[in-house]
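The values are calculated or read from the model by the stated rules, or taken from the named source; none is laboratory data. Since the structure is predicted, the reported quantities are computational estimates derived from the model, not experimental observations. Cβ coordinates were reconstructed from backbone atoms using ideal geometry, including for glycine residues, and neighbour counts include every protein chain displayed. What goes into the accessible areas is simple: the full protein's heavy atoms, side chains included, and nothing from ligands, DNA or RNA. Shrake-Rupley method; radii C 1.70, N 1.55, O 1.52, S 1.80 Å.
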There are 2 protein chains.
Amino acid sequence: MTNSSVMEDTLKLLKDHKLRVTPQRHIILAYLASHHNHPTVETIRDALSKELPNMGSSTIYNTLNTFVDHRLVVELQNGDGSTHYDYFGTPHYHAICTNCGKIVDVTYPGFDKDEKTLEEKTAEISGYMISGNHMEVYGLCPECQVKLGITQKK
Amino acid sequence: MTNSSVMEDTLKLLKDHKLRVTPQRHIILAYLASHHNHPTVETIRDALSKELPNMGSSTIYNTLNTFVDHRLVVELQNGDGSTHYDYFGTPHYHAICTNCGKIVDVTYPGFDKDEKTLEEKTAEISGYMISGNHMEVYGLCPECQVKLGITQKK
DNA sequence: TAATTAACTTGTAATGATTCCAAATTAGAA
DNA sequence: TTCTAATTTGGAATCATTACAAGTTAATTA
């Protein structure tokens, strides 16, 4: 995807959600849509310091909270004390390294169906009116397995 | 389950995990094992103020972190800003109300198998050596559906 | 296009959950 | 019973996040 199409797509996304289009919102959303690094507020601030040198952290927090409310973005904790954010363009879940905190997106054919099934079962059992879910799987990432000298059995 | 058997069971659990048995640890673990209220540190402090009037919050944090490391307990966020804790005696997941934060435990026949499958797929795809998972399903709890005047379609 | 205004951004202060640390205590081993 | 490393305590420190007031701006309306 070209840079310009990311800008176009995220612009449309903001408009579709009836969100006022400010440079801050547009640039932050485009950054998230084109990076899969699960950034923190600080990471975003640093990454965009050239484009938006005067943007305060409050703005980033406000903006991300708005995106989370609109389900454009999800929040993730990896144990390092701060919240990480992930653009939620297509359904997926996360694998999180218990050693270094590395987060990767995961999906597989049929994940959307499994997800649906879980939500339906949960609605039946709990009586909740379900609106979403988060799944996280924990373990050692490949790098940490090597670093710690652990051999994964096949 | 009688109160005394909870005390016996949690004592055994601490010993099995080679954790030094202090009154604080034993009483906190017994409290968690016999309550399904997903308490915060403050809730635990208040609930145990009779039994352990001099216990500081630091001790509760230390103790809970130890339990989490040993997988006796899991941490939960419901959006109210503080961490909630849940004794993890049998496999289950959580439904969390997006309106009031109410957390309920959920499981169903075959959940352990579904969970296993998810972990195996994740290992294959990501290369992570999996050690655990958390699933959360969000929605409106029955009380909030009524409170907000929402009718759930069958 | 210009005027209007509610919404947004900014910067700083406040909050509050959690961790850190040094001193006192204690569980469990010898 | 003694000994010591682990734990608890209480208060201070940290740090992520939110609150707030003032300035700015997107987008509606005429």
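Observations
- Nearest-to-axis residue of chain B, judged by beta-carbon position, where the axis maps B onto A, in Å: B:M135, 2
- Convex hull of chain A built on C-alpha atoms - directionally averaged projected area, nm²: 12.1
- Probe 1.4 Å - accessible area at B:D69, Å² to nearest ten: 120
- Net charge contributed by nearby residues that have their C-beta within less than 15 Å of A:L11 (K/R +1, D/E -1): +2
- Å² per residue, accessible surface of the protein assembly as shown at 1.4 Å: 56
- Helical mean residue ellipticity (222 nm; -39500 (n - 2.57) per DSSP H run of 4+; nearest 500) of the protein assembly as shown: -13500 deg cm²/dmol
- In order along the stretch A:40-54, the Karplus-derived 3J(HN,Hα) couplings, from 6.51 cos²θ - 1.76 cosθ + 1.60 at θ = phi - 60°, round to 8, 4, 4, 4, 5, 4, 4, 5, 9, 5, 6, 6, 10, x, 9 Hz, and Gly and Pro are given as x.
- Spatially, the stretch A:129-145 and the stretch A:1-47 are offset by 24 Å when compared through their Cα centroids.
- Cα point-scatterer Debye curve for the protein assembly as shown, base-10 log of I(q)/I(0) at q = 0.13, 0.15, 0.16 Å⁻¹: -1.11, -1.38, -1.47
- Charge sum, other residues only, whose C-beta stays under 12 Å from B:L52's C-beta, Lys/Arg counted +1 and Asp/Glu -1: +1
- For A:N133, the residues whose modelled amide H falls within less than 5 Å of its own, excluding neighbours fewer than 5 places apart on the same chain, are B:Y138.
- Summed buried accessible surface, chains A and B, 1.4 Å probe, nearest 100 Å²: 3000
- Percent accessible area from carbon and sulfur atoms, the protein assembly as shown, protein chains only, probe 1.4 Å: 51
- Copy-to-copy label separations for B:R20, where each label sits 7 Å from Cα toward Cβ, in nm and ascending: 5.8
- All-pairs alpha carbon distance profile, the stretch A:29-118, 10 Å steps from 0, percent: 15, 45, 31, 8, 1
- Cβ-vector label at 7 Å, A:H36, separations to other copies in nm: 3.9
- Taking a ≥ b ≥ c as the square roots of the eigenvalues of the Cα gyration tensor, an a/c ratio of 1.5 or more together with a/b no larger than b/c marks the stretch A:14-58 as oblate.
- Under the convention that each Lys and Arg Cβ holds +1 and each Asp and Glu Cβ holds -1, the size of the dipole of the protein assembly as shown around its Cα centre is about 140 debye.
- For the residues of B:115-122, the average number of beta carbons from a partner chain within 10 Å of their own beta carbon is 4.
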